[in-house]
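The values are calculated or read from the model by the stated rules, or taken from the named source; none is laboratory data. Since we're looking at a predicted model, the values are computed, not measured. No Cβ is skipped: glycine too gets one built from the backbone with ideal geometry, and neighbour counts run over all protein chains shown. Side chains are part of the model used for accessible areas, which takes the heavy atoms of the whole protein and leaves out ligands, DNA and RNA. Shrake-Rupley method; radii C 1.70, N 1.55, O 1.52, S 1.80 Å.
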Amino acid sequence: MSSDPNQLTLAIDRPHQQRLDNFVVGDNAELLQALKQVNADFSAFWIFGATGSGRSHLLRGCCHRSEQVGEPVTYVGCADYLAAHGALDADALLGQLRHAAGYGQLVAVDDVQWILGRGSLEEMLLAVYQRLLHSRGRLLVSHTQPATATDFAMADLNSRMRSLMHFHISPLNDSHKAELLRARADSRGYELSHSVLNYWLSRGPRDIGALLRDLDVLDRASLVHKQRVTVPLLKQVLGY
């Protein structure tokens with residue numbers, strides 16, 4: 001095995017499994033309760049919030065929950081089809097939407113903004129909606145904005161999307177962010193002290209995504225330096 005500590009296989013390298021039961025609720029209890037309800041009829045949600053607000057976590061969490069009870073699901077992560085330079089692989093995304101139009105009692109379409117104005121993609125999203133409507137399935141759509149502030153090229157798709165039940169993800173306050181960071185650290189086998197969290201949240205970034213990237217950096221530094229995460233280590237590694 002390599003002697004380079006940076007080459008060690010870490011628990012943190014395993015993807016964090018995004019489930020409904022490890023979503024930090026904050027002020028979003030009503031949304032979470034609605035997502036956990038399973039009706040006998042068609043149901044559809046438009047979930048919107050800022051980047052890093054947890055939209056993808058909720059959609060993936062719903063898919064995971066349904067899979068656990070044997071329900072067929074299709075998750076369409078539109079942003080997953082972006083190339084390194086930011087261009088969309090529209091053909092690959094179309095293929096995934098075509099699959100969703102024929103499979104899954106639950107279909108989750110994440111980051112739907114990448115479909116806007118692309119005729120064939122919009123047509124396939126409408127086909128997904130129509131199929132789930134007739135099969136009494138469930139549709140989850142996420143965006144940074146409400147559907148009323150979103151203009152699809154297809155008028156029919158616009159009206160369908162605007163008819164979905166809308167939920168805005170409320171941003172987490174500092175107490176909720178501390179809960180999230182503490183839970184992520186606990187899942188990796190170590191503890192973040194109150195002093196570390198207080199210092200970090202008073203000087204670090206406000207964005208959840210940036211905080212979680214910082215947590216990965218701290219994880220690695222803790223292993224390399226063979227010490228727990230402390231305020232001096234945080235200052236040294238993150239520069240806050």
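Checked against (1) on the phi > 0 side of the Ramachandran plot; (2) modelled with pLDDT of 95 or more; (3) open to solvent by 50 Å² or more (accessible area, probe 1.4 Å), Asp111 passes all but condition (3). Taking Gly77 as the residue in question, decide whether it is out of contact with any helix residue (DSSP H, G or I) (no Cβ under 6 Å at 6 or more places or on another chain) and farther than 30 Å from Gly26 by Cα. Judged against the criteria, Gly77 is not a match. Taking into account only those residues within region 226-238 that are over 27 Å from Gln18 (Cα atoms) and modelled with pLDDT under 90, which is surrounded by the fewest Cβ atoms within 10 Å (Cβ to Cβ)? Result: Lys226. Going through region 184-238 one residue at a time, which ones are over 25 Å from the mean Cα position of the chain (by Cα) and assigned to a loop (DSSP other than H, G, I, E, B)? Once the filter is applied, which keeps residues that are over 25 Å from the mean Cα position of the chain (by Cα) and assigned to a loop (DSSP other than H, G, I, E, B), region 184-238 yields Ser193, Lys226, Gln227, Arg228, Val229, Thr230. When region 180-192 is filtered for residues that are surrounded by fewer than 16 Cβ atoms within 10 Å (Cβ to Cβ), under 19 Å from Val25 (Cβ atoms) and in contact (Cβ under 8 Å) with a residue 24 or more places away in the chain, the ones remaining, listed by number, are Ala183, Ser187.
Show me the strands (runs of 3 or more DSSP E) found entirely inside region 69-160 where at least 1 residues are within 21 Å of the chain's Cα centre (by Cα) and among the hydroxyl-bearing types (Ser, Thr, Tyr).
73-77, 138-143
Within region 21-43, the residues that satisfy the criterion of being among the polar types (S, T, N, Q) and loosely packed, with under 14 Cβ neighbours inside 10 Å are Gln33, Gln37, Asn39. The set of residues in region 203-225 that are open to solvent by 20 Å² or more (accessible area, probe 1.4 Å) and without any contact (Cβ under 8 Å) to a residue 24 or more places away in the chain comprises Pro205, Arg206, Arg213, Val217, His225. Report, by residue number, each residue of region 131-178 that is open to solvent by 20 Å² or more (accessible area, probe 1.4 Å) and β-branched (Val, Ile, Thr). Once the filter is applied, which keeps residues that are open to solvent by 20 Å² or more (accessible area, probe 1.4 Å) and β-branched (Val, Ile, Thr), region 131-178 yields Thr144, Thr148.
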